[in-house]
Amino acid sequence: RCALRVSPSLPRGTIVKARDKLYHPECFMCDDCGLNLKQRGYFFIEEQLYCETHAKERVKPPEGYDVVAVYPNAKVELV
C-alpha cells in the first residue's frame with residue numbers, strides 16, 4: 001500500500017485522506033479485489049482497507065445479528 005509520507009502542507013494534486021494517512025487516488029483500493037475506493041464507502045479492518053463486500057466477509061456478528069454498513073450523514077433509526 002502506498003500511503004504518502006509527506007507533510008500535509010506539501011502535497012500537490014489530488015490526494016485521499018483516511019485515518020490520518022494520505023494516499024494517491026489510484027492506490028486507495030480494496031486489499032482483496034483492487035476496487036478503487038475513492039468516492040465510495042471504505043472500511044478499515046486490522047489496518048487494511050476493504051470495500052463493503054469484502055469487509056462484510058471478514059466481520060462475523062454475534063449469533064442472530066446482521067452486519068449493517070452505516071455511512072456518515074445517513075439517517076438511522078434504532079429499533
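Each value in this text was obtained by applying a stated rule to the coordinates, not by laboratory testing. Treat the numbers as computed from the prediction; the structure is a model and nothing was measured. We place every Cβ from the backbone using ideal geometry, glycine too, and count neighbours over all the protein chains shown.
Quick notes on this one:
- Cβ-Cβ FRET estimate between A69 and E26, R0 fixed at 22 Å, reported to 0.05: 0.40
- Listed values for the stretch 52-69 are Karplus-derived 3J(HN,Hα) couplings in whole Hz (6.51 cos²θ - 1.76 cosθ + 1.60, θ = phi - 60°), namely 4, 4, 6, 5, 5, 5, 8, 9, 10, x, x, 3, x, 10, 10, 7, 10, 7, and x replaces Gly and Pro.
- The H on the amide N of I45, modeled in the peptide plane, is under 5 Å from the matching H of Y50, each at least 5 residues off or on a different chain.
- Phi angles of the stretch 15-31 translate, via the Karplus equation with coefficients 6.51, -1.76, 1.60 and θ = phi - 60°, into HN-Hα couplings of 9, 10, 10, 9, 6, 6, 10, 9, 10, 5, x, 6, 9, 8, 9, 4, 5 Hz per residue; Gly and Pro are given as x.
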